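Remarks on the structure that follows.
The values are calculated or read from the model by the stated rules, or taken from the named source; none is laboratory data. Predicted, not measured: the structure shown is a model, and the values here were computed from it. Positions of Cβ are generated from backbone atoms using ideal geometry, with glycine treated the same way; all protein chains shown enter the neighbour counts.
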Amino acid sequence: MKAGVLGTGHYVPEKVLTNKDMEQIVETNDEWIRTRTGIEERRIAADTEDTSDMAYNAAAQALDEAGITGEDLDLILVATVTPDQPFPTVACKLQERLGATKAAAMDISAACAGFMYGMITAQKFIETESYKHILIIGAEKLSKITDWSDRNTCVLFGDGAGAAVMGPVSDERGILSFELGADGSGGQYLAQNEDFIFMNGREVFKFAVRQMPESSVNVVEKAGYAKEDVDYLIPHQANIRIMEAARQRLGIEVDRMAVNVNKYGNTSAASIPIALSEGVKNGKIKDNDLVVLVGFGGGLTWGAVALKW
Ligand code: ACO
């Protein structure tokens, strides 16, 4: 039996920071941000709202959609680089808040590819029949590690959370193939140095426009499909130009790619599960669709999955 998604959820904070607002904070302008990144606005968590609070809201929705409760969970995995604190983990906080009395819990740190690492970890537990219901969450409060005086980075990021409940689905549907990778030699291009995010944008861009298209094609071929069979592409929402490179390499129409980078900016590990949850709720993802999820991030890390919905 293959492992698949039983329910999804997402949450973004109420507070909107537009590109016009950013013009008041650093020397930038709406036109520069939109044309270079596709971002128009981002969400910023309240002081009283931490990563685990956003994660909880997304998780509750995913459990509801899957028709299960916290008590049914065997494992909770939270992908984040901005946990409330190093320990206890966000996953343990959720274990308590969700009443997941029999669940194991841990955080995963693989930056923006974290949700992909989580999905594949979950798949292995499910396919070996070790566990039945696994909750995976990508949640970030990047605003707390953003240097609000650095225009190279502060315009890019936002806060939010997305979640999926995974479990056994059928022999035909579910995860068909995956690819995970890492290249620590590029670690210096994207890092949390002391308190804040540091990024060499051009180097990250070069890496991402190569890796995202390549990984997308690899998982489709490994699954035994052709590029044009892809019904829906969910790329990490970092920059519309990088996302477009992946879409064009697959040769699929614009409306078959999830785009929310305009509304939320780059929410790191949260971006793929937020887009997944939105795709389910707005009807873009339908039964039996071939869906590709692909991400890249600091580390450097990357990951992709092809799944039959
Ligand atoms: N407003 C105005 N000007 C700016 C801004 C800004 N917010 N930020 C930088 N600039 C200036 C720079 O100072 C630089 O000026 P200079 O040439 O005089 O030194 C110039 O704009 C840079 O321009 P370009 O190099 O042409 O910018 P580029 O097209 O490379 O776009 C960007 C920059 C958007 C950062 C791009 O490199 C990029 O998207 N890189 C990948 C970033 C990414 O994906 N990060 C996330 C990865 S994983 C994770 O999510 C943690």
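Listed here are the residues, each with its yes/no results for (1) outside any helix (DSSP H, G or I); (2) within 14 Å of the ligand (Cβ to nearest atom); (3) of a type in the set (Phe, Trp, Tyr); (4) buried (at least 20 other Cβ atoms within 10 Å of the Cβ).
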site: Val16; (1), (2), (3), (4): yes, no, no, no
site: Asp21; (1), (2), (3), (4): no, yes, no, no
site: Val26; (1), (2), (3), (4): yes, yes, no, no
site: Ile33; (1), (2), (3), (4): no, yes, no, yes
site: Arg36; (1), (2), (3), (4): no, yes, no, no
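Within region 236-245, identify whether any single residue is modelled with pLDDT of 95 or more, aliphatic (A, V, I, L, M) and closer than 18 Å to Gly160 by Cα, and answer yes or no.
yes
Looking at Ile252, is it among the β-branched types (Val, Ile, Thr), more than 27 Å from Leu17 (Cα to Cα) and modelled with pLDDT of 95 or more? Break it down stepwise before answering.
On the way: among the β-branched types (Val, Ile, Thr): yes; more than 27 Å from Leu17 (Cα to Cα): yes; modelled with pLDDT of 95 or more: yes.
When the stated conditions are applied, Ile252 passes them.
Collect the residues in region 182-197 that are in a strand (DSSP E or B), more than 10 Å from the ligand (Cβ to nearest atom) and at pLDDT 95 or above, keeping them in residue-number order. Show your work before the answer.
Looking only at region 182-197, we keep the residues that are in a strand (DSSP E or B), and these are 182, 190-193, 196-197.
Remaining after also requiring more than 10 Å from the ligand (Cβ to nearest atom): 182, 193, 196.
Listed by number, the residues that qualify are Ala182, Phe196.
What number of residues in region 199-243 are in a loop (DSSP other than H, G, I, E, B) and of a type in the set (Asp, Glu)? Before you say what the answer is, go through the steps one by one.
Taking region 199-243 and keeping what is in a loop (DSSP other than H, G, I, E, B), we get 200, 223-226, 230-231, 236-239.
Of the ones still in play, those that are also of a type in the set (Asp, Glu) are 231.
Final tally of qualifying residues: 1.
Which one of Arg210, Arg202, Arg151 is closer than 18 Å to Thr301 by Cβ and either within 12 Å of the ligand (Cβ to nearest atom) or not polar (S, T, N, Q) (or both)? Let's see the steps before the verdict.
Values: Arg202 fails: closer than 18 Å to Thr301 by Cβ; Arg151 fails: closer than 18 Å to Thr301 by Cβ.
Checking each option against the conditions leaves just Arg210.
Hey, among the residues in region 127-169 that are hydrophobic (A, V, I, L, M, F, W, C) and in a helix (DSSP H, G or I), which one's nearest to Ile25 (Cα to Cα)?
Applying the first criterion (hydrophobic (A, V, I, L, M, F, W, C)) to region 127-169 yields 134-137, 139, 142, 145, 148, 154-157, 161, 163-166, 169.
From what is left, the residues that are in a helix (DSSP H, G or I) are 142, 145, 154.
Values: Leu142: 17, Ile145: 16, Cys154: 9 Å.
Top of the filtered list is Cys154.
Listed here are the residues, each with its yes/no results for (1) surrounded by fewer than 24 Cβ atoms within 10 Å (Cβ to Cβ); (2) farther than 20 Å from Ser277 by Cβ; (3) in contact with a Ser or Thr (Cβ under 7 Å, 6 or more places away or on another chain).
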residue: Ser109; (1), (2), (3): yes, yes, no
residue: Ala113; (1), (2), (3): no, no, yes
residue: Ile120; (1), (2), (3): yes, no, no
residue: Glu129; (1), (2), (3): yes, yes, no
residue: Lys132; (1), (2), (3): yes, yes, no
residue: Ile137; (1), (2), (3): no, no, no
residue: Asp150; (1), (2), (3): yes, yes, no
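Considering each residue of region 64-95, count those that are under 25 Å from Ile197 (Cβ atoms) and part of a loop (DSSP other than H, G, I, E, B), and give that number.
Matching residues across region 64-95 total 10.
Using the structure shown, decide if Arg42 is charged (D, E, K, R) and surrounded by fewer than 24 Cβ atoms within 10 Å (Cβ to Cβ).
Working: charged (D, E, K, R): yes; surrounded by fewer than 24 Cβ atoms within 10 Å (Cβ to Cβ): no.
Answer is no for this residue.
Taking Ala270, is it within 16 Å of the ligand (Cβ to nearest atom), of a type outside the set (Lys, Arg), in a helix (DSSP H, G or I) and in contact (Cβ under 8 Å) with a residue 24 or more places away in the chain?
Values: within 16 Å of the ligand (Cβ to nearest atom): yes; of a type outside the set (Lys, Arg): yes; in a helix (DSSP H, G or I): yes; in contact (Cβ under 8 Å) with a residue 24 or more places away in the chain: yes.
Yes, satisfied.
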